[in-house]
Amino acid sequence: MKARRPNGELIGIDRVLLRSFPLATGWNELLRRVRADFSLPLEYRELIMLRVAVLNGADFEWGVHYPAYLQAGGTEEKCEAIKAQHVTSPLFNEKERALIALTDQSTRRVSVDANVILELTRLFGETGTVEAVATVAAYNMVSRFLVALAI
């Protein structure tokens, strides 16, 4: 787990996960792959992570992914728009708006309209669409864990 962290130090969620070694091991591997191995650009994955954090009230997740989003190429203006729920802002391009629509629908109601999936497939291909959906799902898991345990 330390290897996944930029400074090698465990953070709050790591300490809680380590109370169950099987959980910590599987969690670490899944999220490492989402963060490092997907072909969907990291900036877009971080955008999804921030949107999930806002929708689920996961402040810890926001705090971790805000600087990561900026480092991946995101902007402070887009962060503020996400946080203020201004997701229809012209700051966001066509791809970002499609990812936000996916994130909102999947997070709020689980099901996603077919037209959203078709648009994602048009913009990102099948692999990118699957990876976007998996990123939303994985970070909903993260945020729900964080919020439930008050991390």
For the chain, with only Lys/Arg (+1) and Asp/Glu (-1) charged at the beta-carbon, what is the dipole magnitude about the Cα centre, in debye rounded to 20?
460
When a/c reaches 1.5 or more, the comparison of a/b and b/c decides; with that in mind, is the range 96-147 rounded, prolate or oblate per its Cα gyration tensor?
prolate
If I compute solvent accessible area with a 1.4 Å probe over the protein chains, what percent of it on the chain is carbon and sulfur?
57
R0 = 22 Å: FRET efficiency of Gln105 with Val147, Cβ-based, nearest 0.05?
0.65
In Å², what does the accessible area per residue of the chain work out to with a 1.4 Å probe?
52
Starting from the 7 Å offset along Cα-to-Cβ, what nm value, one decimal, do you get for the label separation of Arg33 and Glu76?
3.7
Could you tell me which residue out of Ala98, Gly8, Leu55 lies farthest along the dipole of the range 1-132 toward its positive end? Charges go on the beta carbon: Lys and Arg +1, Asp and Glu -1, centred on the Cα centre.
Gly8
Hey, what's the Cα Rg ratio for the range 75-119 versus the globular rule of thumb, 2.2 N^0.38 Å?
1.17
In nanometres, what is the gap between the two model label sites at Asn115 and Ser20, each 7 Å from Cα along Cα-to-Cβ?
4.0
Förster radius 30 Å - calculated FRET efficiency between Val130 and Asn7 (Cβ-Cβ, nearest 0.05)
0.40
Projecting the Cα atoms of Ala72, Gly26, Gly128 onto the charge dipole of the chain, where Lys and Arg contribute +1 and Asp and Glu -1 at Cβ, the residue farthest towards the positive end is Gly26
Return the equivalent ellipsoid semi-axes of the chain as a descending list in whole Å, where each equals the square root of 5 times an eigenvalue of the C-alpha gyration tensor.
25, 17, 15
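The values are calculated or read from the model by the stated rules, or taken from the named source; none is laboratory data. Just so we're clear, the structure is a prediction, and the values are computed from it rather than from any experiment. Note that each Cβ is placed from the backbone with ideal geometry, even for glycine, and that neighbours are counted across all protein chains shown. These area figures cover heavy atoms from the full protein model, side chains too; ligands, DNA and RNA do not enter into them. Shrake-Rupley method; radii C 1.70, N 1.55, O 1.52, S 1.80 Å.
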